[in-house]
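The values are calculated or read from the model by the stated rules, or taken from the named source; none is laboratory data. Owing to the predicted nature of the structure, the values given are computational and were not obtained by experimental measurement. All Cβ positions, even for glycine, are placed from backbone atoms using ideal geometry, and neighbour counts span all protein chains on display.
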2 protein chains.
Amino acid sequence: MSATDAIAAEPQRTLESDKARRIVDAMRVSVAVRGAAGSTFDHVAREAGVSRGLLHYYFGTKERLLVEVVRRDCDIRIAGLAAQLQDAHTADDFIDGLVRGLSELVEGDSDLVTLMYELFTLSRRNDEIAGALADLCQKMRGHLAESLAEKREEGVLRLGAEPDAVAGVLLALADGLALRFLTEPKLDPRPTVTAAVAAARTLIADPA
Amino acid sequence: MSATDAIAAEPQRTLESDKARRIVDAMRVSVAVRGAAGSTFDHVAREAGVSRGLLHYYFGTKERLLVEVVRRDCDIRIAGLAAQLQDAHTADDFIDGLVRGLSELVEGDSDLVTLMYELFTLSRRNDEIAGALADLCQKMRGHLAESLAEKREEGVLRLGAEPDAVAGVLLALADGLALRFLTEPKLDPRPTVTAAVAAARTLIADPA
């Protein structure tokens with residue numbers, strides 16, 4: 001059983017309930033506004049319209065609730081990426097999909113980026129979160145590597161390295177660029193994105 | 001006057017003192033152990049062996065002290081990078097220097113990475129920190145872009161894009177890879193680094 005499974009074992013039994021979903025949503029909003037350290041079970045219970053006891057029953061600790069928020073966001077991000085890449089017929093299609101995903105992340109969903117980094121800093125001091133975050137990152141990389149391998153099998157793409165390494169570089173590049181563009185909002189992202197695409201093209205090409 | 005200058009205007013007058021340096025060092029250690037939220041002026045004053053009042057006198061707020069810690073670390077990282085790149089005679093030398101810098105960051109100085117991300121999450125809720133962090137990131141990118149431009153002038157390197165865009169991609173890649181390797185400590189970094197180097201080589205080549 002992976003660390004994410006272990007952490008999520010209790011909530012997963014009941015998470016489909018409307019209340020559990022409201023709790024996760026309220027935590028997401030609270031962290032964006034107050035940060036993880038400032039988000040207490042009291043705040044979240046009030047904003048989700050549930051009792052503090054119910055929150056404890058579902059999630060036990062704040063760390064588990066945070067992991068659950070990020071797990072859901074990652075699932076949504078993975079599903080979005082998969083849908084974008086599904087219809088890629090050329091290397092350019094594939095890369096365009098990745099660039100679109102990056103731009104949506106920076107412009108539309110910067111809370112997710114902040115939350116990921118908040119969880120990362122917490123993971124440096126908490127083994128349970130570290131294990132869960134490692135699983136989430138590995139899962140996301142694994143999904144992208146799978147998409148890449150499929151497209152290679154279909155003869156749509158040629159890869160410059162093994163799918164897993166290519167996926168690792170593409171995700172690192174996306175993470176690093178998202179961080180940079182959010183940190184330097186006055187920077188025109190276009191020349192950097194163009195250069196990043198040129199670099200990524202070494203790893204993803206049309207078949208010979 | 002940039003935001004970093006504004007934030008650092010008061011402390012910079014006195015920061016050369018041994019006590020101020022001890023405060024910054026104590027804050028660095030405290031954040032690594034307790035996180036930024038858990039690091040109070042009381043902790044840091046005690047561990048630096050100074051009065052709480054002196055800490056206030058030098059830095060005013062915890063946010064300013066955090067920025068000062070990261071500013072110092074960035075200066076050290078910039079100086080290290082500059083020294084490594086100084087003697088590069090080929091594109092491979094240059095890239096080897098960058099890879100060495102990344103590996104030192106992940107293996108030897110992961111606290112700096114954590115601190116940068118902690119500051120990033122704080123910057124999302126605090127305009128003063130956001131301004132200072134933007135200045136720090138821009139400064140680091142500017143220094144790397146300058147090194148690249150110099151090497152291009154000397155005929156050592158050919159660049160695949162403007163120096164500033166190349167620097168942005170290289171730093172994003174390094175940030176993203178550092179995050180990934182720290183998050184997934186069981187992942188063998190070598191295949192991903194090899195693929196990243198192949199991608200970076202599109203942007204940095206030997207002269208034709």
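Name every residue in segment B:195-205 that is in a helix (DSSP H, G or I) and at the interface with chain A (Cβ under 7 Å from one of its Cβ atoms), in order of residue number.
Of everything in segment B:195-205, those that are in a helix (DSSP H, G or I) and at the interface with chain A (Cβ under 7 Å from one of its Cβ atoms) turn out to be B:ALA195, B:ALA196, B:ALA198, B:ALA199, B:ALA200.
Restricting to segment B:104-118, count the residues that are in contact (Cβ under 8 Å) with a residue 40 or more places away in the chain and among the small types (Gly, Ala, Ser).
Residues that pass the stated criteria total 1.
Quick check on my filter: what residues within segment A:71-93 are assigned to a loop (DSSP other than H, G, I, E, B) and surrounded by 18 or more Cβ atoms within 10 Å (Cβ to Cβ)?
Across segment A:71-93, the qualifying residue is only A:ALA88.
If you scan segment A:150-208, which residues turn out to be surrounded by fewer than 21 Cβ atoms within 10 Å (Cβ to Cβ) and touching a strand residue (DSSP E or B) at 6+ places or on another chain (Cβ under 6 Å)?
Correct list: A:ARG152, A:ARG158, A:ALA205, A:PRO207.
If you go through segment A:176-190 one residue at a time, do you hit one that is within 18 Å of B:ALA200 (Cα to Cα), without any contact (Cβ under 8 Å) to a residue 40 or more places away in the chain, more than 7 Å from chain B (Cβ to nearest Cβ) and assigned to a helix (DSSP H, G or I)?
yes
Is it true that some residue in segment B:124-137 is surrounded by 19 or more Cβ atoms within 10 Å (Cβ to Cβ) and outside any helix (DSSP H, G or I)?
Within segment B:124-137 (the criterion being surrounded by 19 or more Cβ atoms within 10 Å (Cβ to Cβ) and outside any helix (DSSP H, G or I)), the answer is yes, since at least one residue qualifies.
So how many residues does segment A:123-153 have that are over 14 Å from A:VAL67 (Cβ atoms), charged (D, E, K, R) and in contact (Cβ under 8 Å) with a residue 12 or more places away in the chain?
Within segment A:123-153, residues that are over 14 Å from A:VAL67 (Cβ atoms), charged (D, E, K, R) and in contact (Cβ under 8 Å) with a residue 12 or more places away in the chain number 3.
Based on this model, can you work out whether A:LEU102 counts as more than 11 Å from chain B (Cβ to nearest Cβ) and either within 18 Å of B:LEU182 (Cβ to Cβ) or touching a helix residue (DSSP H, G or I) at 6+ places or on another chain (Cβ under 8 Å) (or both)?
So A:LEU102 fails the test.
Being out of contact with any Lys or Arg (no Cβ under 8 Å at 6 or more places or on another chain) and among the charged types (D, E, K, R) is the filter here, so list the residues in segment B:185-208 that pass it.
Passing the criteria: B:LYS186, B:ASP188, B:ARG190, B:ARG201.
Residues in segment B:26-38: is at least one over 25 Å from A:SER39 (Cα atoms) and part of a helix (DSSP H, G or I)?
Yes, segment B:26-38 contains at least one residue that is over 25 Å from A:SER39 (Cα atoms) and part of a helix (DSSP H, G or I).
For segment B:34-49, enumerate the residues that are within 19 Å of the chain's Cα centre (by Cα) and surrounded by fewer than 21 Cβ atoms within 10 Å (Cβ to Cβ).
Listed by number, the list holds a single entry, B:GLY35.
Residues checked against (1) in contact with a helix residue (DSSP H, G or I) (Cβ under 6 Å, 6 or more places away or on another chain); (2) among the aromatic types (Phe, Trp, Tyr); (3) at pLDDT 90 or above:
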{"residue": "B:ASP92", "(1), (2), (3)": "no, no, yes"}
{"residue": "B:VAL106", "(1), (2), (3)": "yes, no, no"}
{"residue": "B:SER110", "(1), (2), (3)": "yes, no, no"}
{"residue": "B:VAL113", "(1), (2), (3)": "yes, no, no"}
{"residue": "B:TYR117", "(1), (2), (3)": "yes, yes, no"}
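Might you let me know whether segment B:120-137 holds any residue that is more than 30 Å from A:ASP135 (Cα to Cα), more than 7 Å from chain A (Cβ to nearest Cβ) and either aromatic (Phe, Trp, Tyr) or under 12 Å from the mean Cα position of the chain (by Cα) (or both)?
Among the residues of segment B:120-137, at least one is more than 30 Å from A:ASP135 (Cα to Cα), more than 7 Å from chain A (Cβ to nearest Cβ) and either aromatic (Phe, Trp, Tyr) or under 12 Å from the mean Cα position of the chain (by Cα) (or both), which makes the answer yes.
Which ones in segment A:181-208 are modelled with pLDDT under 95, of a type in the set (Val, Ile, Thr) and out of contact with any Gly (no Cβ under 9 Å at 6 or more places or on another chain)?
Of everything in segment A:181-208, just one residue is modelled with pLDDT under 95, of a type in the set (Val, Ile, Thr) and out of contact with any Gly (no Cβ under 9 Å at 6 or more places or on another chain), namely A:THR183.
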